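> Questions regarding the structure given below will be posed in turn.
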Amino acid sequence: MQPIDCLISTPDKGSAGKTGLWRTYKPIVDEKKCNSCMVCWLYCPENVITEGEKCIEIDYEYCKGCGICCEVCAKKAIKMVLEE
Amino acid sequence: MKTIVMPGNPSCQGCPHAIGLKALGLALEDFVLVIPAGCSTIIAGIHPKATLNVPVLHVPFASAPAVAAGISAAFKRENKKKNVVIWMGDGGADIGFATISGSAVRNDDIIVIVSDNEAYMNTGIQASGTTFWKAKTTTSPAGKREDRKDLAAIMLMHRVPYVATASVGYMNDFIKKLEKVKSIKGFRFIHLHSPCPPGWRFDSSKTVEIARMAVKCGAWILWEFDGKFNLSPASKPYKDKNKRKDLKDYLKMQGRFKGLSENEILEIEKAIDKQWKYIECFENI
Ligand SMILES: Cc1ncc(C[n+]2csc(CCOP(=O)(O)OP(=O)(O)O)c2C)c(N)n1
Ligand code: SF4
Ligand code: SF4
Ligand code: SF4
Ligand SMILES: [Mg+2]
């Protein structure tokens, strides 16, 4: 049988490239307000939020800046700031 | 428990399918996805990379139940305890309805999840059977005139072991339902409410809020049938019409309802009340 491995896609980050470039607004976390409840992690469609040492961390290489994390945070610990 | 959605995928900002797919990874252990055409086909990744960290089979609409039932039967033969999950859109559920119905009648051992963004989004926002009353789409530019079909109720009437509704605004409820469903045998169906920012015309940050508003104004009702019919906790308060949030607030948040008249809003309200009457009947069975 011919090998067809080259036709099979493999799971990896960035199947659509560096999607961080899509951002207009950037989510910035205030480590004093964040209590690591991880609600933003649960709802982030892009799955770029992880538990950090002091508070959550966001992978800006792929975060699309949708703003959902900011909306679901009860502590108002995330601000959306216009990208430069 | 793993998050199956890889960052950097092709979904739009604030995509509901991406949130819903995440729940599958968090709730189910060993499973295979069968995906008929739709936005999720694209989200699943652009070759040579894949977005979903589980095996995915891309299939034509009407073949999804046959493919899933076949895989499920093969797993059984090999003594493998794996779940086979069809993840499809509302358009897929329109186009492939006959075969979904047939599969339910045969009680195939599969899970079917319809992630309902209330239109055929991937082909450019055409109205589907479940598109909200009066919503503007490219095939209903003056607002949808037809009634809205209740897909989950239709599936319930197939008398299968499990049918539920869920919402991307209530992830814990959806995950709980998936966790229950994974050990049930036979045909299991979940109708997931999935507000879509470009299709419904709202800001990408509002996906979760709009999904919750739909439940709070009574437009989307969360329930579960696992042998007995139950309203889910999040929807219970809204059985009482006085407790429901103002429908106008829900409609106002979305561009697809721009320019609705008072009369049209009243008509929608009546349709929602009727929907609740059916739910009350189901509760009393
Ligand atoms: C047999 C067949 N007919 C038509 C199409 C074109 N098509 C691609 S996606 C789609 C609609 C999908 O709508 P839905 O299932 O609601 O998924 P969504 O894109 O909204 O997530 C259609 C009609 C197709 N791919 N195959
Ligand atoms: S939701 Fe808010 S408080 Fe909770 S982890 Fe995220 S940023 Fe922190
Ligand atoms: S802006 Fe969107 S993609 Fe970025 S971290 Fe927040 S929820 Fe995730
Ligand atoms: S159109 Fe809607 S459902 Fe489709 S990828 Fe974009 S946000 Fe997701
Ligand atoms: Mg759809």
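Any read-out appearing in this document is the output of simple, stated calculations on the displayed coordinates, not a laboratory observation. Quick caveat: nothing in here was measured; it's all calculated off a predicted structure. Glycine gets a Cβ as well: all are built from the backbone with ideal geometry, and neighbour counts include every protein chain shown.
> For peptide B:167-180, compute the average count of partner chain beta-carbon atoms within 10 Å of each residue's beta-carbon.
Per-residue shielding by partner chains comes out at 1.
> Can you give the net charge of the other residues whose Cβ lies under 13 Å from the Cβ of A:GLU84, counting K and R as +1 and D and E as -1?
+1
> For chain A, which semi-axes, largest first and in whole Å, follow from the square roots of 5 times the eigenvalues of its Cα gyration tensor?
That gives 31, 15, 10 Å for the three semi-axes.
> Under a 5 Å amide H to amide H cut-off, with H placed in plane at 1.01 Å, what residues pair with A:LYS33 once short-range neighbours are removed?
Here nothing satisfies the definition.
> Work out how much length B:SER261 to B:ARG106 would gain on full extension: take 0.36 nm times their residue separation and subtract the Cα-Cα distance, in nm to one decimal.
Stretched out fully, the B:SER261 to B:ARG106 stretch lengthens by 51.3 nm.
> For a quick check of your reading of the filter: which GluC sites (Glu not before Pro) in the stretch A:1-71 sit in a DSSP loop and have no more than 11 other Cβ atoms within 10 Å?
Here the GluC sites (Glu not before Pro) that fit, given the DSSP loop and packing criteria, are A:GLU53.
> Further question on the same structure: Calculate one ³J(HN,Hα) per residue across the stretch A:58-71 by plugging θ = phi - 60° into the Karplus curve 6.51 cos²θ - 1.76 cosθ + 1.60, and present them in order as whole Hz with x for glycine and proline.
These are the phi-based 3J(HN,Hα) values: 10, 7, 6, 5, 10, 4, 8, x, 5, x, 5, 4, 4, 6 Hz.
> Choose one answer from B:SER40, B:SER261, B:SER232: the residue with the largest mean-square fluctuation in a GNM of chain B with alpha-carbon springs under 10 Å.
The residue with the greatest mean-square fluctuation here is B:SER261.
> Can you list the residues, at least 5 places off or on another chain, whose amide H is less than 5 Å from the amide H of B:TRP223, using H built in the peptide plane?
Here the answer is B:THR165, B:SER232, since their amide H atoms fall under 5 Å of that of B:TRP223.
> What number, rounded to the nearest 500 deg cm²/dmol, is the helix-based mean residue ellipticity at 222 nm of chain B, given -39500 (n - 2.57) per DSSP H run of at least four residues and division by all its residues?
Helix contribution divided over all residues of chain B: -10500 deg cm²/dmol.
> When you look at the Cβ of every residue in A:56-69, what mean number of other chain Cβ atoms sits within 10 Å?
4
> With both bridge residues required to lie in the stretch B:16-282, what share of the DSSP beta bridges run antiparallel, to the nearest 5%?
Among the beta bridges of the stretch B:16-282, antiparallel pairing accounts for roughly 20 percent.
> Compare the peptides B:59-69, B:125-135 by average per-residue count of other Cβ atoms within 10 angstrom and give them in order, highest first.
Listed from highest to lowest mean packing, they are B:125-135, B:59-69.
> What is the spin-label model distance, in nm, from B:ASN242 to B:ASP273 if the labels are put 7 Å beyond Cα along the C-beta direction?
1.6
> Counting pairs of alpha carbon atoms under 8 Å apart in space and at least six apart in sequence, what relative contact order in percent does chain B give?
In percent, rounded to a whole number, it is 16.
> Dipole magnitude of the protein assembly as shown about its Cα centre, charges +1 at Lys/Arg Cβ and -1 at Asp/Glu Cβ only, in debye to the nearest 20?
For this selection, approximately 580 debye.
> Right, something else. Can you tell me which of B:206-215, B:14-23, B:233-242, A:35-44 comes out highest on packing, and rank the rest after it, using the mean Cβ neighbours within 10 Å?
Averaged packing, sorted descending, gives the order B:14-23, B:206-215, A:35-44, B:233-242.
> Still on this structure, I have one more. Would you look at the GNM of chain B, springs on alpha carbons closer than 10 Å, and say which of B:GLY89, B:GLY227, B:GLY199 moves the most?
B:GLY227
> Continuing with this model, one more query. Pop out the ³J(HN,Hα) list for the stretch B:95-102 in order, Karplus 6.51 cos²θ - 1.76 cosθ + 1.60 with θ = phi - 60°, rounded to Hz; leave Gly and Pro as x.
Whole-Hz 3J(HN,Hα) from phi for the stretch B:95-102: 5, x, 4, 4, 7, 5, 4, x.
> Related question: Within 10 Å of each Cβ of A:38-50, how many other protein chain Cβ atoms are there on average?
That works out to 6 on average.
> Let me ask another. List the residues whose amide H sits under 5 Å from the amide H of A:TYR25, counting only those 5 or more places along or on another chain, with H placed 1.01 Å from N in the peptide plane.
When sequence neighbours closer than 5 places are left aside, the close amide H contacts are A:GLU83.
> Using θ = phi - 60° and the Karplus curve 6.51 cos²θ - 1.76 cosθ + 1.60, what whole-Hz ³J(HN,Hα) does each residue of the stretch B:147-152 get, with Gly and Pro shown as x?
Per-residue couplings from phi come out as 6, 10, 7, 9, 4, 5 Hz.
> Would you count, across the stretch B:196-252, every pair of lysines whose alpha carbons are under 20 angstrom apart, provided the pair is eight or more residues apart or spans two chains?
Value for the stretch B:196-252: 17.
> Please state the shape class of the stretch B:142-199: rounded when a/c is under 1.5, otherwise prolate if a/b exceeds b/c and oblate if not, all from the C-alpha gyration tensor.
oblate
> Report the charge-dipole magnitude of the stretch B:16-282 in Debye, nearest 20, computed about the Cα centre from +1 at each Lys and Arg Cβ and -1 at each Asp and Glu Cβ.
Its charge dipole is roughly 320 debye.
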